[in-house]
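This report concerns only the one structure given below.
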Number of protein chains: 2
Amino acid sequence: MAMSVQSTEGKRALGSTSDENSVVLKSSSTPVRVNGQSSLQKEIKKETRLGISTKKDEDFGKWYSEVCRCGDMLDYYDIKGCYILKPPAVKVWGILRAFFDAEIEKMGVEEYYFPLFVSPSCLEKEKDHIKGFSPEVAWVTRAGESELSIPIAVRPTSETVIYPYFSKWIRGHRDLPLKINQWVNVVRWEFSDPIPFIRSREFLWQEGHTAFATKTEADKEVFDILQIYSDIYEKLLAVPVIKGIKSENEKFAGGLYTATVEAFIPSSGRGIQAATSHSLGQNFAEIFGISFENKERKLEKKETKRSLVWQNSWGISTRSIGVMVMTHGDDKGLVFPPLVAPVQVVVIPVPFNGFDVNIIYEACEAVKSTLLAAGIRAKSDNRDTYACGWKYADWEQKGVPLRIEIGPRDLAKNQVRIVRRDNGAKADLPRGDLIEQVKDMLGKIQQSLFDAAKRGKDACTQKVENWDDFMEALSQKKLILAPWCDEVEVEKLVKERTKTETGAGAKTLCTPLEQPDLNEDTLCFASGKPAKKWSYWGRSY
Amino acid sequence: MAMSVQSTEGKRALGSTSDENSVVLKSSSTPVRVNGQSSLQKEIKKETRLGISTKKDEDFGKWYSEVCRCGDMLDYYDIKGCYILKPPAVKVWGILRAFFDAEIEKMGVEEYYFPLFVSPSCLEKEKDHIKGFSPEVAWVTRAGESELSIPIAVRPTSETVIYPYFSKWIRGHRDLPLKINQWVNVVRWEFSDPIPFIRSREFLWQEGHTAFATKTEADKEVFDILQIYSDIYEKLLAVPVIKGIKSENEKFAGGLYTATVEAFIPSSGRGIQAATSHSLGQNFAEIFGISFENKERKLEKKETKRSLVWQNSWGISTRSIGVMVMTHGDDKGLVFPPLVAPVQVVVIPVPFNGFDVNIIYEACEAVKSTLLAAGIRAKSDNRDTYACGWKYADWEQKGVPLRIEIGPRDLAKNQVRIVRRDNGAKADLPRGDLIEQVKDMLGKIQQSLFDAAKRGKDACTQKVENWDDFMEALSQKKLILAPWCDEVEVEKLVKERTKTETGAGAKTLCTPLEQPDLNEDTLCFASGKPAKKWSYWGRSY
């Protein structure tokens, strides 16, 4: 179904050209011009059949891929699982980066850049770690015409790249804590089907790596970082997340425990690991020989004066952009939360027959400048080759939170028409206090998107206490909170059994930090053994 | 020779502990503490023999590598030709990036992120291009345990990654100009000896790729970008460069012509390609099928209504950081031009026996806060385990432009002692107008570093008009300006002959945009044929 863009808005100003042309969007990210050449128009019409043709609740996967592409977030690439990130996606990433950098700078984290490549001797040093990553590691074996004597790996994550140097740099107490972060690309050659942003063979992320003298300090940092990740999702991306701990099965390969923020996509009924903060304990420290001269051991005249450091690693990736798109997008396309919107307000002139269009254009430019001066990311769309109805649809598709329309009637009344992307609400605002009003509306949209997403997630959440209810909830694509005995084998069995019975396995998503009360006699929903905790279960990305 | 850090400065305040300990620097980037334990001190002393032990004019290569490491710019990595960029290097890169981004945003360039990998069918499409890059391309042939059916290349540069999509995205006039930029890592598996920042197998850069309807627009951009590169070097990094055009031999593989900014390192007598802006003409457009419906051709009712686009690509890399280090560094270590210095002013307390050290520390913190509030990147060094003389040497080694010392005498007079890194000049400044004075001094240091570098380069530049003078100048490590017939074969011969006769070949560095007068009867210094232009010649990195 082709997207209808014969917006009623276009008719508001009368005489607007918006409904005089067959205004349509084509498949590629570049909109086709409406220029009255009939042969070209035929071509355009053929192309438009490929716009956002799918509804979010009809075929979620197809809808998502179309929204990403039509919203100009990315394009597909000729190597499977690799994507081209386009300007809006790169901008969102830049905004998240700036926020995160400011937060971790306060914590004393410094930025490094470690190499893309890792030698097999380092990569393979930690056995659990390499077992976790080796199936996905891309190997460079040739340079030019020469076979390399030893193949080298492209980093899937940088623990094994970085820790040999921690071992070199850390000597004594005063070298601790060591806190580093880098913003890099990593490669995981997944063989399951790729999904834009969500599961790609190359992705961008930050990875933090820290070392402490004590477990107490390290543990504190795990959750400090988790809180920043939670803020990125909830405050910037307006996506509600659950803070929790991964099960033994699902924790980071080689680590002690993994703290996670988990999101849930109601449309697909799948959980998604949104960002993780790993306690590595002393495991990598032991293997890579990262120790420091411990003053306390010295005072106690212990034989060995050196102690192993306590390490963490933590990361958030461009996957976060995909979670945002999945959460807020609708049948018209992207919906950006204002705080991360590359363009927060678009100003569109609404021409009227017989009225000097330049006066309208000037007013649009003036409004844009006022907004920009107030620190609002604004853009005006004065392309004279597109009808305004077409532009409305174009910017809706691109997810811009607020649209301002200015036509002769608005000029006469010294007002603007403003339209919210999230709910379509319209208002006429006097130009006098525009800035205040716009800021207020952007704030409201931000909150309202979060609230809606929270309601959606909550509506999908179901508490169950036995297997039948669990299976019923799973069939309804729920996010399931269930009492669990916390046994690795039981999780494995649940995964297998759900896979056999329904075709798609379910597993633990996390054990939430906020635990509901657990009665002493509560039993595990799956094993019938005494339950130790409430955990979230479901299918996941 | 171990670096002496028993600074006379340390004695100024009397009673300072600076000369009571054997203050030394160790080889690794982390300074060793002075803690009075004799067994540890022995260990330290052994290590210190590896500090900056080489003078810049004694063994330039060794000096450079030591300054990079001791200045905490990078560390060596276990894969040859790959380096770990440490916080000061990453910060400089961030400053250059912010400057460049702001400049190209004004030009309408948008940021993308294209994949790291390129398929051979794309990489090998342009024959000259692949000939230029193929010897250095790293190939991924295996993922996990699976051999890939087709090996994929790691981008050495992204023309062949990006242009298939230009072909898809560009349809008509209105899609032009298309201007994109990305900040990425690239890999060139060079087999010649790596040099930190200057020649590494992986490096960071920005690469811009643009397409225009007309050659005029494209040409203009080539030089607009070149001017920004020149500004990055001359204004930010305080490194003088020559704007010029590369010879046919030296231009970008597959391009039409290459504009370049060239720097010269007097200490090694080598030129260095500092950043390049390539006109690609219509060559890639033809091969990748990048064309647009040309309105003019339509009006003229030409048979073919489509025209090929005119393309440019341009890049500057982390090599720029190396050029800066080579240009300004001295026997004490790094020297940062203030505009790119990660720390512009370091404030160091100078304790005095019997005087409450906390009062001094507080004063240092207060001064630091005042500087920070004024937008000056300031740091205080209140580590109580290091003597102040040791700290002076440490921050000198790290290249901080200005050092402020505060001791009891300064407190009494409500002044600070300020010391310039570049020339060691000292002054006592009243705290009242400190900000103004510091800003003024930072500006002067910036200018003075550029002036000194310019004098150095000019002193090395020599005009020659015949072969004997050329060879003489070459033996003196000069940057040689010579009249040339502009024939490819002659350049090749010069390269071969200088290589045979001196062991290191010389080639053209560039033909400067600013041409000295060329008399009609001037002959080529090498071939004796009529000269067409003045070009710079020399050895190069």
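All of the numbers you see were taken from the coordinates with simple rules; none came from a lab. Remember, predicted model here, so these are calculated numbers, not experimental data. Neighbour counts are summed over all protein chains in view; Cβ atoms, including those assigned to glycine, are modelled from backbone coordinates with ideal geometry.
Pairing the Cα long axis of helix A:60-70 with the longest principal axis of chain A, what angle in degrees results, from 0 to 90 and rounded to the nearest 10? Its long axis makes an angle of about 60 degrees.
In the structure shown, the pairs B:LYS215/B:LYS302; A:LYS125/A:LYS499; B:LYS398/B:LYS478; B:LYS243/B:LYS463; A:LYS379/B:LYS179; A:LYS379/B:LYS168 are assessed against 24 Å; a Cα-Cα span above that value is assigned to A:LYS125/A:LYS499; B:LYS398/B:LYS478; A:LYS379/B:LYS168.
For segment A:165-303, evaluate the Debye formula with one uniform point scatterer on each Cα (no solvent term) and list log10 I(q)/I(0) at q = 0.11, 0.20 Å⁻¹, rounded to two decimals. Rounded to two decimals, the profile gives -0.52, -1.37. Measuring between their Cα centroids, segment A:452-495 and segment B:426-453 lie 66 Å from each other. So which GluC sites (Glu not before Pro) in segment B:272-343 pass both tests, a DSSP loop state and at most 13 other Cβ atoms within 10 Å of the Cβ? Filter output for segment B:272-343: B:GLU300, B:GLU303.
In what sequence, highest mean first, do A:393-399, A:345-351 appear when ranked by Cβ atoms within 10 angstrom? Working shown, then result.
Numbers: A:393-399: 24.3, A:345-351: 25.9.
The packing order, highest mean first, is A:345-351, A:393-399.
If R0 equals 56 Å, the separation of the Cβ atoms of B:ASP57 and A:LYS301 corresponds to a calculated FRET efficiency of about 0.65. Angle check, please: helix B:357-373 long axis (alpha carbons) against the longest principal axis of chain B (alpha carbons), in degrees 0 to 90, nearest 10. It works out to around 30 degrees. Taking the helices alone, the protein assembly as shown has a mean residue ellipticity at 222 nm of -10500 deg cm²/dmol, built from -39,500 (n - 2.57) per DSSP H run of at least 4 residues and averaged over all its residues. Based on Cα contacts under 8 Å between residues 6+ apart, segment A:74-327 shows a relative contact order of 21 percent. Of the beta bridges DSSP finds with both residues in segment A:461-540, what % are antiparallel, to the nearest 5? Counting only bridges with both partners in segment A:461-540, antiparallel ones make up about 75 percent. Below 17 Å, Cα to Cα, which aspartates and glutamates can A:LYS413 reach? Residues fewer than 8 away in the same chain don't count. The reachable aspartates and glutamates, counting only those whose Cα sits under 17 Å from A:LYS413, are A:ASP356, A:GLU362, A:GLU405, A:ASP428, A:ASP433.
Dimensions of the protein assembly as shown based on its C-alpha atoms, expressed as ranges along the principal axes with the largest first, amount to 87, 77, 64 Å.
Full-extension gain between B:SER475 and B:GLU145, please, as 0.36 nm times their residue separation minus the C-alpha to C-alpha distance.
In short, 113.4 nm is gained.
May I ask for the angle, rounded to the nearest 10°, between helix B:488-502 and the longest principal axis of chain B, with both axes built from Cα atoms and the value confined to 0 to 90°? Approximately 40 degrees, to the nearest ten. Our coupling estimate for segment B:114-124, obtained by passing each phi through the Karplus curve with A = 6.51, B = -1.76, C = 1.60 and θ = phi - 60°, is 9, x, 5, 9, 9, 7, x, 4, 7, 4, 9 Hz, Gly and Pro reported as x. Placing a label point 7 Å from the Cα of B:GLU489 along the Cα-to-Cβ direction, the distances to the matching points in the other copies come to 8.4 nm, shortest first. Each other residue within a Cβ distance under 12 Å of B:ASP231 adds +1 if Lys or Arg and -1 if Asp or Glu, for a net charge of -1. Arranged from fewest to most other beta-carbon atoms within 10 Å of their beta carbon, A:LYS127, A:LYS391, A:LYS301 become A:LYS301, A:LYS127, A:LYS391. With pairing defined as another cysteine C-beta under 4.7 Å, the cysteines of chain B that fail it are B:CYS68, B:CYS70, B:CYS82, B:CYS122, B:CYS364, B:CYS388, B:CYS460, B:CYS510. Remark: C-alpha extents of segment A:74-327 on the principal axes read 62, 51, 32 Å, sorted largest to smallest.
Beta-bridge orientation, the protein assembly as shown: approximately 80 percent antiparallel, per DSSP, counting only bridges with both partners inside.
The ranking of A:PHE117, A:PHE352 by Cβ neighbour count inside 10 Å, starting from the fewest, reads A:PHE352, A:PHE117. Any chance you could list P(r) for segment B:468-528, counting all Cα-Cα pairs in 5 angstrom bins from zero, rounded to whole %? Final binned percentages: 4, 16, 28, 28, 17, 5, 2.
The length gained by stretching the chain between A:ASP224 and A:LYS454 to full extension, at 0.36 nm per residue less their Cα-Cα distance, is 80.5 nm. Label-point spacing for B:ASP128 across the identical copies (point 7 Å from Cα in the Cβ direction), in nm and ascending order: 5.7.
Between copies, how close do the B:ARG306 label points come, placed 7 Å along Cα→Cβ, listed in nm from shortest? Output for B:ARG306: 6.6 nm, nearest copy listed first. Peptide B:103-110 has a mean shielding of 1, counted as Cβ atoms of other protein chains within 10 Å of each residue's Cβ.
In which sequence would A:LEU74, A:LEU148 go, from the one with the fewest C-beta neighbours within 10 Å to the one with the most?
Details: A:LEU74 26, A:LEU148 14.
Going from sparsest to densest Cβ surroundings: A:LEU148, A:LEU74.
For chain A, the Kirkwood hydrodynamic radius from C-alpha pairs, put into Stokes-Einstein at 4 °C and a viscosity of 1.567 mPa s, yields a diffusion coefficient of 50 µm² per second.
Could you work out the relative contact order of chain A, using alpha carbon pairs under 8 angstrom and six or more residues apart, expressed as a whole percent?
Working: 1107 pairs, mean separation 81.3, N = 541.
Worked out over chain A, it gives 15 percent.
Computed over neighbours whose Cβ is under 9 Å from that of A:VAL416, the net charge equals -1, Lys and Arg +1, Asp and Glu -1.
How high is the relative contact order of segment B:161-293? Use alpha-carbon pairs under 8 Å, at least six apart in sequence, and give a whole percent.
It comes to 26 percent, rounded to a whole number.
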